[in-house]
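Rule-based calculations on the coordinates, nothing more; no lab input. Owing to the predicted nature of the structure, the values given are computational and were not obtained by experimental measurement.
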Amino acid sequence: MSEAVERPEIVEDEHLDYLDDLKESGVTNMFGAGEYVEDEFELSSRDARTVLTYWMATFEERHSSEDVTVVGSD
């Protein structure tokens, strides 16, 4: 089991949702997504990198339940 990553104060749910949508859109490689966060939320490059780093570190944890397939009996 992986160790929990502490959420920086700068990170908001809106940032994470935006990055999820950006990933889904395929517009950019997510390693280059910091500039998109910077522009969209008017953050400094440092804060944008903090948001992106947290998003990357917690992506699997936040989306792990989406990969579960429930099989019902008929």
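Placing one identical point scatterer on every Cα of the chain and ignoring solvent, what is log10 I(q)/I(0) from the Debye formula at q = 0.11 Å⁻¹? Log-scaled intensity ratios, in q order: -0.32.
Relative contact order of region 13-64, please, whole-number percent, based on alpha carbon pairs below 8 angstrom and at least 6 residues apart.
32 percent
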